[in-house]
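Worksheet: the structure to be examined is printed underneath.
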Amino acid sequence: MNRRSAMDKAAVLIEALPWLERFHDAIIVIKYGGNAMTEDHLRESFANDIVFLRLAGLRPVVVHGGGPQINAALEKFGIESHFTAGLRVTTPEAMDVVRMVLTGQVNREVVGLINSHGPYAVGMSGEDAHLFTARKLHAIVDGEPVDIGQVGEIVKVDAGAVHSLISDGRIPVISSVARGENGEIFNVNADTAAAALASELGAAKLIVLTDVEGLYADWPNSDEVIRELTAAELEELMPGLSSGMVPKMGACLHAVSNGVPQAHVLDGRVPHSLLLEVFTDEGVGTMVVPS
Ligand SMILES: Nc1ncnc2c1ncn2[C@@H]1O[C@H](COP(=O)(O)OP(=O)(O)O)[C@@H](O)[C@H]1O
Ligand SMILES: CC(=O)N[C@@H](CCC(=O)OP(=O)(O)O)C(=O)O
């Protein structure tokens, strides 16, 4: 290695020092979106990053989605599916598939990816140990409530089992299926679930990995990314947002309004965007902070 490239490498490492100090022991909730897990090399770099965070002394908790994977399974079973305000209209037969794919397939895959590095990840469903209790959610369209089936909003988080896993040095990997007070099963958007958990755990950050660079100011007309905004600024933008960005930015708003100091939307298609966000001075994507 020549002297110049050695200095460059050392500079990258040393830039991480203040962030390693600041986030030592901090809980970071990472929402891993289904769109960010479609390619093998990205899945591997995600697993590397999560294990890196853990070995660097942080305490990562993963909440995963699986929208595209659910779409593929529903199609295979010949079940129609559509979204209203970014949420899947969930019939009882679609709910069976959602649960099977999220908890039985995607959760297992994410756990397996991380555990290729060692016995870190333990999979859980939001149903386990009363982690998420939900109630029926109506989507709001043009100011009016619309019935979207078995979609839930989280009303209670019991993070006891998650705390136990973290204390044991494990990395909890959680699917966003929840139970109702009377044992019903609900499909909860994974961004929403991650935000509720981040608030309950007192996380230092919520990081949402998706398939865009961040929140575009004027989507789909321009790709100018909003780098930073306050909760109040985001609240003003919320009514103009569409599709998947509605629950995603709503989740960031919920997190920073409930004790999480920073929420980030990052491009999961960029390898190691997670490490760049946590350990570099500039950060990447869109950051939401309290007002
Ligand atoms: N203002 C916006 N900025 C960025 N993306 C937007 C915006 N409005 C809508 N979108 C759409 O939201 C999508 C991300 O949401 P979603 O598909 O639910 O992702 P994930 O599976 O990661 O949760 C983007 O791929 C983009 O098509
Ligand atoms: C109610 C609702 O929409 N639930 C989502 C749950 C999975 C999810 O959120 O996956 P992504 O993060 O990959 O979008 C769904 O059924 O697709």
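How tilted is helix 190-201 with respect to the longest principal axis of the chain? Cα atoms for both, answer in degrees (0 to 90, nearest 10).
Roughly 60 degrees, rounded to the nearest 10.
For the stretch 239-291, take the convex hull of the Cα atoms, compute a quarter of its surface area, and give me that in nm², please. Don't skip to the answer; put the middle values down first.
On the way: hull surface 17.6 nm².
Hull-based average projected area comes out at 4.4 nm².
Classify the stretch 92-227: rounded, prolate or oblate, from the alpha-carbon gyration tensor (a ≥ b ≥ c, eigenvalue square roots; a/c under 1.5 rounded; otherwise prolate if a/b is larger than b/c)? Write down the numbers at each step before the final one.
Working: a/c = 1.67, a/b = 1.14, b/c = 1.46.
Cα axes put the stretch 92-227 in the oblate bin.
Counting each DSSP H run of 4 or more residues in the chain as -39500 (n - 2.57), what helix-only mean residue ellipticity at 222 nm follows after dividing by all residues, to the nearest 500 deg cm²/dmol? Could you put the intermediate results ahead of the total?
Numbers: 11 runs with 109 residues, N = 291.
After summing the helix terms and dividing by the residues of the chain, the value is -11000 deg cm²/dmol.
Relative to the first principal axis of the alpha-carbon coordinates of the chain, what is the inclination of helix 245-257, with its axis defined by its Cα atoms, in degrees from 0 to 90 and to the nearest 10?
70 degrees
Hey, if you drop one equal point scatterer on each alpha-carbon of the stretch 10-143 and run the Debye formula without solvent, what base-10 log of I(q)/I(0) do you get at q = 0.16 Å⁻¹?
Computed log10 I(q)/I(0) values: -0.95.
With the chain treated as a Gaussian network of Cα nodes joined by springs under 10 Å, which of G169, G118, G126 yields the largest mean-square fluctuation?
G118
Tell me which GluC sites (Glu not before Pro) from the stretch 148-229 have a DSSP coil assignment and no more than 10 other beta carbons within 10 Å of their own.
Details: sites: E153, E181, E184, E200, E213, E224, E228; in loops: E181, E184, E213, E224.
In loop regions of the stretch 148-229 (DSSP not H, G, I, E or B), the sparsely surrounded GluC sites (Glu not before Pro) are E181.
Report, by chain and number, residues whose modeled amide H sits under 5 Å from the one on A121, excluding near sequence neighbours (fewer than 5 apart, same chain).
Under 5 Å from the amide H of A121: N115, I171.
Quick one: with all protein chains in place, what share of the accessible area of the chain is carbon or sulfur, to the nearest percent (1.4 Å probe)? Please report the intermediate quantities before stating the final value.
Details: 7100 of 13580 Å².
After summing per-atom areas, the C and S share lands at 52 percent.
Using a 1.4 angstrom probe with every protein chain in place, what is the largest-first accessible-area order of W19, W219? Each step should come with its number before you reach the end.
On the way: W19 60, W219 145 Å².
Descending order: W219, W19.
Want the number for E224 to V12: 0.36 nm per residue separation, take away the alpha-carbon distance, what's left? Intermediate results must be reported in sequence, preceding the final value.
Details: separation 212, 0.36 × 212 = 76.32 nm, distance 2.70 nm.
Extra length available between E224 and V12 comes to 73.6 nm.
How much accessible area does H41 have with a 1.4 Å probe, in Å² rounded to the nearest 10?
Surface accessible to solvent at H41 totals approximately 100 Å².
Evaluate the relative contact order of the chain (contact order divided by residue number), counting alpha-carbon pairs under 8 angstrom at least 6 apart; express in whole percent. Please list the in-between numbers first.
On the way: 595 pairs, mean separation 63.7, N = 291.
Dividing the mean separation by the residue count of the chain yields 22 percent.
Would you please classify the overall shape of the stretch 1-81 from the alpha carbon gyration tensor, given that a ≥ b ≥ c denote the square roots of the eigenvalues, rounded means a/c under 1.5, and beyond that prolate means a/b larger than b/c while oblate covers the rest?
Working: a/c = 4.77, a/b = 2.10, b/c = 2.27.
It comes out oblate by the Cα gyration axes.
At D281 and E21, where each label point lies 7 Å from the Cα along Cα→Cβ, what is the point-to-point distance in nanometres?
Placing both labels 7 Å beyond Cα along the Cβ direction yields 1.4 nm.
Run the quick spin-label model on D40 and E93: label points 7 Å from Cα toward the beta carbon, then report their separation in nm to one decimal.
3.5 nm
Taking the alpha-carbon set of the chain, what are its Rg and Dmax in Å?
Rg, Dmax (Cα atoms, Å): 18.6, 66.
Please report the accessible area of I70 (heavy atoms, 1.4 Å probe, ligands and nucleic acids excluded) in Å², nearest 10.
The value for I70 is about 10 Å².
Any idea what diffusion coefficient the stretch 159-241 gets from Stokes-Einstein, in µm²/s, Kirkwood Rh on alpha carbon pairs, 25 °C, 0.890 mPa s?
156 µm²/s
Between the stretch 111-185 and the stretch 223-252, how far is it from one alpha carbon centroid to the other, in angstrom?
That distance is 23 Å.
The values are calculated or read from the model by the stated rules, or taken from the named source; none is laboratory data. Since this is a predicted model, take the numbers as computed values, not measurements. Methodologically, a virtual Cβ is constructed for each residue, glycine included, from the backbone with ideal geometry; neighbour enumeration extends over all protein chains shown. Areas reflect the complete protein model, heavy atoms only, side chains present, ligands, DNA and RNA absent. Shrake-Rupley method; radii C 1.70, N 1.55, O 1.52, S 1.80 Å.
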